[in-house]
Amino acid sequence: MSSTETDDASESSCASLEEPITEVTYIYDVPSPCSEDFDTDLEDSDQLASERQELRSRENVDIGHITYIDVCQELDTVPIRLVIEQLKGTEVCLQHIGLNTRDVIAIMYALLHNSRVESLDLTDNGMSEEAQLHVIEVLRHDNAISSLNMAENKITPICAASLGSVIEDTTWLTHLNLSGMGLGNEEAKHIATGMRGNVSIVWLNLSNNEIEESGAIHIGKALTINDTLHVLDLSWNHIRMIGAVTLCKGLQENTSITNLNVSWNGFGYEGSIALEDVLKDNTSLKVLDLTNNRITWEGVKHVIRGLKANRTLQILKIGTNPITMDGCRKILEVVDKDNSSVIHVNLEGIPINTKIEKLAESIAKKRSFTFAHGRITDSQFMMGIKREKREDPFSLLIRYISMMGIRIMDLFRMFDTENGASVSKANFIRGLKKIGAPISEHDMKIVAQRLERKGQGTISYSILANGVRNHLRAERKEDKRNELIEKQKREKRKSILMEGTQRMVPAELQELRLLSSLGNKTLSQVFSCTSSMSSRHGSITERESIMLPSLQESTSTDTGNIHSARTFSLPVTSGVSGGKNLGAKPRQKTGGSLSL
């Protein structure tokens with residue numbers, strides 16, 4: 001190959017290796033990685049976190065389950081799945097699960113952010129005083145809860161005072177169960193004082209407590225003022241004597257209670273007398289339970305008199321009282337009247353005879369009527385039979401001799417056919433039969449045995465005369481003693497009834513004078529405003545009450561705008577250093593209630 005061809009080949013190969021010419025354009029307005037407008041991964045994560053927090057807050061609205069979890073974490077306690085599930089409904093029922101103080105605090109914070117739950121049941125959880133105070137404080141602000149059950153949790157005077165203050169101020173609580181909480185006279189006083197100013201509670205259960213005369217007096221006074229309560233349960237307490245009388249005086253003035261349960265107390269004879277006035281004057285009572293109240297035959301007479309004048313009572317329970325079969329029959333005879341509205345009589349624990357059963361069946365044929373009793377028997381040895389006291393045969397004999405105008409000497413001469421100083425027991429009995437003594441032969445033998453000489457089997461004139469004389473003297477002495485006892489009983493009963501009336505009048509006289517210009521307005525209409533309720537009773541405003549840490553004012557921002565908000569500060573508890581701002585939005589104070 002020539003040199004010329006070699007050069008041409010090298011040039012062609014170089015030309016083929018050269019890159020094609022392209023035009024490059026530079027764009028100078030692209031932001032640098034340091035530019036503020038550049039979207040980075042960090043800003044994406046912040047935005048997602050903000051959106052996630054906002055989503056959690058929206059989910060927490062009206063439920064409070066997220067608040068509950070956050071507070072449980074703060075208090076170092078394990079969240080309860082049942083609580084989280086029930087916060088989404090209208091009822092939280094946590095019976096018999098042993099909630100400790102931290103559990104209760106967490107639940108209360110959740111309820112503060114919840115507007116769905118209407119019923120709260122914390123029965124038998126052994127709640128401490130601190131836990132109960134948290135429940136009471138939340139109840140003061142949560143206007144969604146209308147029913148509260150704290151039964152079987154031991155209450156202290158401090159909690160009772162705080163609860164009484166809430167009862168006075170609340171206008172949304174309608175049902176309250178305080179059964180089996182160990183309420184004594186002091187605690188009952190706080191509850192009763194709150195009920196004097198309450199305008200919303202219609203159902204109240206104070207059964208199975210330790211309320212005695214003093215506590216019943218305060219409840220009776222409250223009933224003269226309150227006109228919204230419909231159902232009151234005071235069963236299984238210790239209400240008797242002056243407490244029963246004062247309670248009945250309050251019922252006599254009350255115009256709202258339709259269902260009253262005072263069973264298993266000790267109303268006795270004094271309470272029976274006061275019940276007569278209640279049945280005569282009260283026109284709202286429809287159900288009355290007097291089971292096991294020591295009401296005897298003498299006491300049931302007054303209850304029957306009240307029933308004769310009553311036109312509204314529908315159900316009467318008076319079982320397990322020693323009212324005798326005659327008392328049962330008298331009650332049904334009154335119920336059988338056309339003006340009676342009674343549709344059910346309960347005489348459980350009291351046996352009846354066939355006559356009473358037939359009377360009840362005849363009432364059921366005329367109108368709707370049911371009847372409960374112990375069992376049917378005609379035996380004279382069963383409980384419930386009014387037994388006649390067996391009189392001493394010697395007393396019967398002496399009374400007969402006196403009525404017939406026979407002297408002891410003449411009587412003895414009838415016996416002594418041999419004109420001796422003594423007669424045999426057989427002749428003495430034969431003589432008693434001869435004069436027609438109204439005693440049985442068995443009783444004649446008893447009298448002869450009482451008068452005979454020791455070991456001789458004969459009866460002398462001196463023994464007969466001395467026996468008659470000593471017996472008459474003993475009878476007069478016994479009559480005077482019984483008369484004195486009856487007089488003391490009457491005076492005691494009269495003083496109890498008068499004291500019950502006096503205890504009612506002075507305490508209410510000033511209030512009634514102030515209310516005399518209200519016309520036909522009811523108390524619930526007049527005192528529905530919370531401002532007037534707070535000044536209604538001086539004794540209420542001066543009452544000591546221990547409150548939870550108050551709601552603290554704080555500020556928060558929402559889309560740049562600063563607004564006032566209220567948050568709970570966590571109380572100091574063991575293992576908790578202090579409170580922190582929880583993720584959920586706090587409630588705001590709006591008027592008299594808290595809102596999200």
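Data table
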{"read-out": "Whole-angstrom gap from region 255-307 to region 440-458, using each part's C-alpha centre", "value": "50 Å"}
{"read-out": "Region 61-156: Cα Rg divided by the 2.2 N^0.38 Å rule of thumb", "value": "0.95"}
{"read-out": "Projected label distance in nm at residue 61 and residue 462, using a 7 Å step from Cα toward the beta-carbon", "value": "11.2 nm"}
{"read-out": "Rounded FRET efficiency, nearest 0.05, which uses the C-beta distance separating residue 482 from residue 430 and R0 of 25 Å", "value": "0.10"}
{"read-out": "Residue 76 versus residue 450: modelled label distance in nm, points set 7 Å from Cα along the beta carbon direction", "value": "8.4 nm"}
{"read-out": "Residues residue 186 and residue 355, FRET efficiency given R0 of 45 Å [Cβ-Cβ distance, rounded to 0.05]", "value": "0.35"}
{"read-out": "Full-stretch length increase - residue 495, residue 333 - with 0.36 nm per residue and alpha-carbon distance subtracted", "value": "55.1 nm"}
{"read-out": "Approximate spin-label separation residue 286-residue 404, in nm, with each point projected 7 Å along Cα-to-Cβ", "value": "6.5 nm"}
{"read-out": "Loop trypsin sites (Lys or Arg not before Pro), region 110-165, which have at most 14 other Cβ atoms in a 10 Å radius of their Cβ (DSSP)", "value": "154"}
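Laboratory data are not the source of any read-out in this text; all were calculated from the coordinates shown. Keep in mind it's a predicted model, so treat the numbers as computed, not measured. Cβ coordinates were reconstructed from backbone atoms using ideal geometry, including for glycine residues, and neighbour counts include every protein chain displayed.
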